[in-house]
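Okay, so here's the structure we're looking at.
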Amino acid sequence: MSDLLETKSDETESVLLVGVLLHGSEEWRARDTMDELAQLAESAGAEVKGRFLVRQQKIKAGHYIGSGKAEEIADWIKENPVSMVVFDDDLSPAQGRNLEQVLEVRVLDRTQLILDIFAQRARTKEGCLQVELAQHQYLLPRLRRMWTHLERQQGGIGLRGPGETQLEVDRRRINEMIGSLKRDLEQVRARRSEQRRGRRRHGWALVSIVGYTNAGKSTLLNRISGADIYAEDQLFATLDPTTRQVDLPNHESMLMTDTVGFIQKLPHHLVDSFKATLEEVVEADLLVHVIDASHPQVDTQIESVHKVLDELGALDKPVLYVFNKIDNEKGRNAAKRLMRQFPKSVAISALSGEGIEQLFDELSDCLKGRKVTLRLSIPLSEGKLIAALQKNSSILEQNYEGGSADLLVRVSPQLAVQCRPFEVTEA
């Protein structure tokens, strides 16, 4: 049995969404991921014309939903033409090939749809490299599906021919490309690692914004840093990480990085491809988990983010929970409930600015133990150290008379080691 959930008027790039509700699974969760798939399709620029939720005992090896259900959907497509069908889970190469033969339209799965959005949104060299790597890794096991027009020349005794030869050539080229992309990304990771070491040497607190896609992460970073990051009501509106300096009211400073958003059923190989970006999360001193408190499945979204953080090995890091979108009543009420569940939290509206002062106070409190206060008297000949303090510390008092810099500063433990010879002890 299958449920036709909804239909819409015909459009040029129209899609039909198909999901599976397995026996014993929670129906609300299946429908929720289908809602998210619809958002993904719309973010990719498609018009969702209809949805099918197929109820069955288990996944069928040949057609994923079984040949009978596939024929049922094919009949529907004949009456309601669409340009493609998108499935809510990953399909094997054989399943994709079999479904295209029955449905007679293009068949995509969840990963292909996400990769298409990533390809649209990537702007930096690093982002483009990561998308290209993920695309090639997805394509490699599916090459044979692209060579079905030569399937009678697949090889074997007496059957070897150009089809098999070209297939092997393409496989070798893709493997070579994957190797080259991995080497390029390793250079990116090494460069990022060196940048982080430099920031740590100078005492910067490293803070990463994490959260479900479209929770308001980019809007928040724009609000508190004055950055100009693209922020729209779309899934994966921003893909490339952005780092900005944020100055707190207590004269402390930190570097805050906006990272790629998470979703339900985020494919593991996509997490692996984006490790160069997601290392910012692993290396952070503090995670700021931004949550759309107004979302009807807010608890499920929190759970999905926790799963990805666990996969990255970052679940035990200090976390400040930020419940966003309290500018509407639903978000405000949910935030009150969630703040009782997560004591280290604050409720805000990144759009209106409400609660931002409390957020700054919480950030200051979370990072207050990272610096020490020193009174120093440094000869002006030590210009390099004085410049480092001016750039990387909070100077509370300063006097440059008498051939020395008399300073009261808050510095990182690393920078404090260099300052100890010039420390002035109170009499």
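The stretch between Lys265 and Ser253, if pulled fully straight at 0.36 nm per residue, gains 0.7 nm over its current Cα-Cα span. Of all lysines in the structure, those lying under 28 Å Cα to Cα from Lys371, and not within fewer than 8 positions of it along the same chain, are Lys217, Lys317, Lys344, Lys384, Lys391. Taking amide hydrogens as placed 1.01 Å from N in the peptide plane, the amide H of Gly66 sits under 5 Å from those of Lys60, each at least 5 positions away in sequence or on another chain. Here the 3J(HN,Hα) profile of segment 39-44, calculated from phi with Karplus coefficients 6.51, -1.76 and 1.60 at θ = phi - 60°, is 5, 4, 4, 5, 5, 7 Hz, Gly and Pro shown as x. Residues whose amide H comes within less than 5 Å of that of Glu354, counting only those at least five positions distant or on another chain, are Ser349 (H built at 1.01 Å from N in the peptide plane). Working from label points 7 Å from Cα in the Cα-to-Cβ sense, the Val424 to Asn333 distance is 6.0 nm. Each residue of segment 294-306 is assigned a 3J(HN,Hα), and the resulting list reads 8, 6, x, 10, 4, 5, 5, 5, 4, 4, 5, 5, 4 Hz, derived from the Karplus form 6.51 cos²θ - 1.76 cosθ + 1.60 (θ = phi - 60°), x at Gly and Pro.
A Förster distance of 51 Å, applied to the separation of the beta-carbon atoms of Glu13 and Lys391, puts the FRET efficiency at 0.50. In this structure the amide hydrogen of Asp109, modeled in the peptide plane, comes within under 5 Å of the amide hydrogens of Phe87, none closer than 5 places in sequence on its chain. Note on Asp170 and Ser381: their simple-model spin labels are 7.2 nm apart, each label 7 Å out from Cα toward Cβ. The residues Val298, Val105, when put in order of fewest to most other Cβ atoms within 10 Å, stand as Val105, Val298.
Our coupling estimate for segment 73-84, obtained by passing each phi through the Karplus curve with A = 6.51, B = -1.76, C = 1.60 and θ = phi - 60°, is 5, 4, 5, 4, 5, 4, 8, 10, x, 10, 8, 7 Hz, Gly and Pro reported as x.
Here the gap between Lys125 and Asp365, fully extended at 0.36 nm per residue and compared with their Cα-Cα distance, gives a gain of 82.8 nm. Please give the contour-minus-distance gain from Lys78 to Glu100: 0.36 nm per residue of separation, less the Cα-Cα distance, rounded to one decimal in nm. Value of the extension gain: 6.5 nm.
Run through segment 39-124 and list the trypsin sites (Lys or Arg not before Pro) located in a DSSP loop whose Cβ has at most 16 other Cβ atoms within 10 Å. Loop-located and lightly packed - Lys58, Arg123.
Within the same chain, aspartates and glutamates fewer than 8 places from Lys336 are excluded, and of the rest, those with a Cα less than 14 Å from its Cα are Asp292, Asp299, Asp327.
Read-outs: derived from the displayed coordinates by stated rules, not from any lab. Only a predicted model underlies this, so the values are computations on that prediction, with no experimental measurement involved. Note that we place each Cβ from the backbone using ideal geometry, even for glycine, and neighbour counts take in every protein chain shown.
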